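Here the structure comes first, spelled out in structure tokens, and everything after it is commentary.
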Amino acid sequence: MASASKSATSLENESIQNLVSDLVENLDSINVSANESKIYEEVKSAATMSVEKLETNITIPKSVTNISTRPSEPTHPLQFRWALWYLHADNSKKSWEENLKKIAVFSTVEEFWALFNHLVEPSSLQRGCDYYLFKEGIKPMWEDTANNKGGRWLLFVDRKAKKLDEYWMELLLAIVGEQFEEYGNDICGIVVNVRGKADKLSVWTADANLDEVNLGIGKIFKEKLTIPDTETIQYESHKDASHRQNSNVKARLSLPQIEGNHMLSHSSAKDKEWDMKRAGNSSNSNRTEKFTGKREWRNRRLQRIDSK
């Protein structure tokens with residue numbers, strides 16, 4: 001029995017070392033300037049932390065390491081397989097696509113937390129950097145066949161408000177936790193852009209012409225982040241954005257909705273019908289049970305965000 005236990009421990013330690021090597025190799029493949037080195041050292045430090053400090057209830061992401069997890073460790077499959085991408089802010093002559101790196105792929109709740117528990121928060125990234133979380137097989141660019149007919153819901157986040165990390169985590173939980181309900185198949189991915197005066201969060205959808213579907217997605221986006229009606233989110237097609245002459249793109253949709261000179265409140269007849277529809281969807285609660293065991297981690301992280 002002791003020999004078997006030792007063997008299992010040895011296999012787990014080897015798995016962790018493989019994970020560490022893979023993460024560090026991905027990071028080393030990105031050229032880092034001197035003023036960015038601190039951020040990358042923090043990422044590597046988190047990735048190379050000792051075995052004793054790792055939480056025992058986290059499964060090593062086999063999609064990253066190509067190894068098997070312990071048979072006794074339960075896993076909770078997600079509806080979709082997701083890929084996390086990172087865009088490095090680089091002033092060199094490298095193309096945008098050359099600076100885009102795929103960090104990891106995951107398909108279970110355990111793999112999600114193993115990755116994001118040690119990921120650098122968006123607010124700590126250098127300006128010009130992006131995170132992309134897209135369904136596996138879809139590249140986070142307009143030209144991809146899954147995106148070229150689509151568009152995005154866009155939210156500008158004032159840097160002074162210090163809500164970027166909280167918003168990003170809530171959006172991650174919503175997209176991975178299948179909180180977009182029947183619209184899951186219409187979503188390609190989510191993006192956070194770290195910029196100067198205002199950062200950006202967006203939800204990319206597959207078809208910009210499906211107004212009712214995109215409105216449904218936008219309302220859930222707005223609800224999950226508890227965005228007040230004083231702030232407007234807009235939906236723009238990738239086609240319009242790619243042909244823009246300046247920084248302004250005509251919005252195809254917006255929330256709160258505007259009719260004439262009047263803003264439609266959430267108490268409108270259409271919104272009441274939508275709220276009743278969502279209230280009657282009991283499958284939503286079943287899916288969220290997979291994430292309840294990690295709420296303590298989420299609360300600790302949000303407390304850290306609030307203390308900044």
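The values are calculated or read from the model by the stated rules, or taken from the named source; none is laboratory data. Because the structure is predicted, anything quoted here is derived from the model rather than measured. No Cβ is skipped: glycine too gets one built from the backbone with ideal geometry, and neighbour counts run over all protein chains shown.
Below, the figures for the structure above:
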| item | result |
| --- | --- |
| Residue that is modelled with the lowest pLDDT [pool: residues in the range 221-236 that are surrounded by fewer than 18 Cβ atoms within 10 Å (Cβ to Cβ) and among the hydroxyl-bearing types (Ser, Thr, Tyr)] | THR230 |
| Boolean, ASP165 is over 20 Å from GLN234 (Cα atoms) and at pLDDT 95 or above | yes |
| Test: GLY196 is surrounded by fewer than 19 Cβ atoms within 10 Å (Cβ to Cβ), more than 19 Å from ASP240 (Cβ to Cβ) and either out of contact with any strand residue (DSSP E or B) (no Cβ under 7 Å at 6 or more places or on another chain) or not polar (S, T, N, Q) (or both) | yes |
| Where a residue in the range 184-199 is farther than 14 Å from ILE220 by Cα and its partner, wherever it lies, is of a type in the set (A, V, I, L, M), with Cβ under 6 Å and at least six apart | CYS188/ILE138; CYS188/ALA146; CYS188/ALA206; GLY189/LEU133; VAL192/LEU201; VAL194/LEU125; ASP199/VAL157; ASP199/LEU164 |
| Odd one out for ILE175 among (1) within 17 Å of TRP85 (Cα to Cα); (2) out of contact with any Phe, Trp or Tyr (no Cβ under 7 Å at 6 or more places or on another chain); (3) touching a residue at least 12 places away in the same chain (Cβ under 8 Å); (4) assigned to a loop (DSSP other than H, G, I, E, B) | (4) |
| Condition met for LYS239 (surrounded by fewer than 19 Cβ atoms within 10 Å (Cβ to Cβ) and at positive phi) | no |
| Subset of the range 139-172 [outside any strand (DSSP E or B), surrounded by fewer than 19 Cβ atoms within 10 Å (Cβ to Cβ) and of a type in the set (A, V, I, L, M, F, W, C)] | MET141, TRP142, ALA146, ALA161, MET169 |
| Pick from the range 185-242, criterion among the small types (Gly, Ala, Ser) and within 14 Å of PRO256 (Cα to Cα), ranking: nearest to the chain's Cα centre (by Cα) | GLY218 |
